[in-house]
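The values are calculated or read from the model by the stated rules, or taken from the named source; none is laboratory data. Quantities reported herein were computed from a predicted structural model and do not represent experimental measurements. Positions of Cβ are backbone-derived with ideal geometry, glycine not excepted, and every protein chain shown enters the neighbour counts.
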Amino acid sequence: MSPSVDYHCHCLASNSAPPPPHLPSSSYSFHPLHELFFCEECDAVRCNRCVSVEVSGYYCPNCLFEVPSASVRAEKNRCARNCFMCPNCRNTLSVVPSDPPDMDDGRSPSAAVSAVGEPPFFLYCNHCRWDSAEVDITFEKPTGLAAQLQKYEDSAPDSLEFERLKEHFEPFLRASSSSALAGPPPTAHSHHPHVNPITAAASSALARDIPGVGKYTPHPRGRRDKGPRDDMVEYRSRVEVGGSSTMGEADVEFMRHIEEVSEVAALEQRWANSWATSLHTSDLKPLRIPLHSKKSKRCPTCRHILIKPEQKAQSVRYKIKLVAANYLPSIKVALPQPMDLVRRGAQAARPPGGEGNSGANGLHAGDTYPFTLSLTNPLYDPIQVRLSVQRQIPPASTTVASDAAPVEKSRRPPFAVSLPSSAFPIAAFAEAWEYEDDEDMFGVDDDEFGFEAREKEGKAKNKTVGVLEKRANVTVVGGEVVIGKDAKGEVKFNMLVSYTYRSDDPLPEDDVRGTPSRTKAPEMKTFSFYTVVNLGSIVPRQETKMDTDP
Amino acid sequence: MAPLRDKFTIHSKAVVCQDVELKGDITIGSGTIVHPKATIFAIAGPIVIGTGCIIEESAIIVNRRKEVMRIGDDNLFEIGCRVESPTVGNFNTISTRARVHHTVRISSYCVIGAGCLVVPTEDEVLDEYTVIYGPAADRRTWSGRGKVQEADLRRKHAEYLRETLPKFNRLRRGEAHGHGA
Ligand SMILES: [Zn+2]
Ligand SMILES: [Zn+2]
Ligand SMILES: [Zn+2]
Ligand SMILES: [Zn+2]
């Protein structure tokens, strides 16, 4: 596994600090940058676990028809046009006419097959050559097939049972909803400004009292309920399940006598069905293609939309797209290969044997490895970045320090990480043609914002730790990890990233900002976020001693 | 083994583009189309291709055995497929980038799906209407429904190519109805 950097969303935690990297909960709190959103209102990272998701439209992935939600319900979430899926291989089926009857010998050169085609028509898979005539499904006309297939689907025993259940509850639902209307309006009807009508309808449906089911509202039962629970007629199912002679035994019997695996429909072949289906491959029916939906996502706190696709099914663009990658610097971590080290002249610090294997063979206990973090600024303004290793909670002491003493047992990580201790700049993002010459591609003035540029100190101390390279909107910094002699597991640590940027927020006191003498101008803002850096697994010492250690 | 001497027998009604690689003793029947960049290698024994076949770009047909490799009529070899079967019947489709080993004999009306690898270690004959498809090279038997229409389409396809290809490609001329150099 190559080294990785993931970003923290603190939605799962009570405080903003992430869990220590060795806990299993760590992997649930960190996400790759490209999966995260950024809420400008809350000035916070949001992840797919905390955003609220809404369907913004349904469409058929095959014909790209946008299906109105009323039809979605009536057509049972499947395409009602001519889109069908092969039950055998899940390819799209096409409607084909039958072969002309008089030419059963395909080799005899024919005088052209008629263009219209002869009934009966059937569905045919161009990929695996399954056809619906194999399961006795043929059509007199090549049109309106979906409706005919839906009839098959709706005649499934489970579907009929479900319809009956709905019928059974219908009068009670109607009675209770009319009584609810007479009474005080349910809370869900008082429209929250941000709830869309579908969500409101769904939640009011869920919140509705169902007679016969224990009431949630602590109302005294003195009202003239039209459907008190005692009036509820007992429901009798169409098919008695659980008796002795049911499907289950037939299935067992069938499985006992199979001769080839292909007689049994694989899970993938039955998966897309709406209802439980037969286990026999020979019973597989063509399926109307299930619809897909486009979804938009909202910030869980302020309800602002974070991402919203364009309505058209053909479009792959977004109307709104607030992704974290446009706000936070992206960080790539790498363990340099030997050649990189030679180029940087950093090799002197290291014995030649151990580190050469760092990229390919993992990290060896007892060794020291340089690594690089390359940070890319997505903003149109330069930023100043400060990195620090998160202190481990149990012993809040020395694991962070660059020249930490050999690490001990306990719960401290068996390695020590050094990072550049001072802030460093990353130039603004610019389109490639905006760079006028090479000089523009290399760095900005370090003190442009009045920060102290102290990275020289860092460089002097150790050549591998500090700013290594600046070009365009990328700054590469070096760090170092010292791995304990008896270390095991992964080299994984939480890293706090703080960056200072020029805020675009229009502040009222323009005149105050105008004074150039202030070093810390009021429009500067700092944003901090946590990442977890995984450098790879440690190869325990004894395994490698013989062949790699010098 | 000593390579066969080149001997190409191309029917006057076949369309074989100039830019194809031919090696060994090869006979190409009437109405068969060989697209540019196709390769036909008769390494150990001759190759005889029937009528109405379509051999698309970068398809490779190889005979590694001494016996004559016979390919029947109206077969379609799609782009980038590789076939070494000692015999191929009629109306087969070898799809894009499929590979068929020399241990497999193909009868008729078979379909080898795109990218499928058919490389049994034991010699095998594919029954008529065998369909091999999907990433795991699953097999099933086609009912044959629709084969007349497919054959009709295959012929129209070939007919169209016979008209169109010569407009844009130089052709190899058969040596006057069949006698090699
Ligand atoms: Zn979250
Ligand atoms: Zn559709
Ligand atoms: Zn299929
Ligand atoms: Zn928000």
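Total residues in region A:17-28 satisfying the condition of being without any contact (Cβ under 8 Å) to a residue 40 or more places away in the chain and either surrounded by 19 or more Cβ atoms within 10 Å (Cβ to Cβ) or assigned to a loop (DSSP other than H, G, I, E, B) (or both): the figure is 4.
Among the residues of region B:53-93, write down those that are at negative phi and within 14 Å of chain A (Cβ to nearest Cβ). B:C53, B:G72, B:D73, B:N75, B:L76, B:E78, B:G89, B:N90, B:N92, B:T93 - these are the residues of region B:53-93 that are at negative phi and within 14 Å of chain A (Cβ to nearest Cβ). With respect to the conditions (1) surrounded by 15 or more Cβ atoms within 10 Å (Cβ to Cβ); (2) within 14 Å of ligand 1 (Cβ to nearest atom); (3) in a strand (DSSP E or B), A:V53 falls short on a single one, namely (1). Taken together, the criteria place B:A114 among residues that are without any contact (Cβ under 8 Å) to a residue 60 or more places away in the chain, under 24 Å from B:A158 (Cβ atoms) and surrounded by fewer than 20 Cβ atoms within 10 Å (Cβ to Cβ). Pick from region A:9-31 the residues that are farther than 21 Å from A:S330 by Cα and among the aliphatic types (A, V, I, L, M): which of them is nearest to ligand 1 (Cβ to nearest atom)? Among those that are farther than 21 Å from A:S330 by Cα and among the aliphatic types (A, V, I, L, M), it is A:L12. Going through (1) touching a residue at least 60 places away in the same chain (Cβ under 8 Å); (2) within 13 Å of the chain's Cα centre (by Cα); (3) within 16 Å of ligand 4 (Cβ to nearest atom) one by one, A:H34 falls short only on (3).
If I ask for residues that are surrounded by fewer than 24 Cβ atoms within 10 Å (Cβ to Cβ) and assigned to a strand (DSSP E or B), which ones from region A:484-498 would you list?
Start the filter on region A:484-498 by keeping residues that are surrounded by fewer than 24 Cβ atoms within 10 Å (Cβ to Cβ), which leaves A:484-490, A:492, A:494-498.
Correct list: A:E490, A:K492, A:N494, A:M495, A:L496, A:V497, A:S498.
Summed over region A:40-63, the residues that are under 17 Å from A:K308 (Cβ atoms), within 16 Å of ligand 2 (Cβ to nearest atom) and either of a type in the set (S, T, Y) or modelled with pLDDT of 95 or more (or both) give a count of 2.
Selection of first residues in region A:129-141 that are away from every other protein chain (no Cβ under 12 Å) and of second residues that are aromatic (F, W, Y), restricted to Cβ pairs under 9 Å at least 6 apart or on distinct chains, gives the following pairs, ordered by first then second residue: A:I137/A:F122; A:I137/A:Y152; A:F139/A:F121; A:F139/A:F122; A:E140/A:F121; A:K141/A:F121.
Quick grid of which residues meet (1) in a strand (DSSP E or B); (2) under 26 Å from B:S143 (Cβ atoms):
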position: A:N62; (1), (2): no, yes
position: A:V72; (1), (2): no, no
position: A:K76; (1), (2): no, no
position: A:N82; (1), (2): no, yes
position: A:C89; (1), (2): no, yes
position: A:S94; (1), (2): yes, yes
position: A:P97; (1), (2): yes, yes
position: A:P100; (1), (2): no, yes
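Selection within region B:122-151: residues that are of a type outside the set (A, V, I, L, M) and surrounded by fewer than 15 Cβ atoms within 10 Å (Cβ to Cβ). The member of this set that is nearest to the other protein chains (Cβ to nearest Cβ) is B:T141.
When residues of region B:94-103 are filtered for being more than 10 Å from chain A (Cβ to nearest Cβ) and either surrounded by fewer than 23 Cβ atoms within 10 Å (Cβ to Cβ) or not aliphatic (A, V, I, L, M) (or both), how many remain?
So in region B:94-103, the residues more than 10 Å from chain A (Cβ to nearest Cβ) come out as B:94, B:96-103.
From the residues that got through so far, the ones that are either surrounded by fewer than 23 Cβ atoms within 10 Å (Cβ to Cβ) or not aliphatic (A, V, I, L, M) (or both) too are B:96-97, B:99, B:101-103.
Counting residues in region B:94-103 that are more than 10 Å from chain A (Cβ to nearest Cβ) and either surrounded by fewer than 23 Cβ atoms within 10 Å (Cβ to Cβ) or not aliphatic (A, V, I, L, M) (or both) gives 6.
The conditions of being in contact (Cβ under 8 Å) with a residue 24 or more places away in the chain, among the acidic types (D, E), farther than 30 Å from A:L145 by Cα and away from ligand 1 (no atom under 13 Å from the Cβ) are not met by A:D6.
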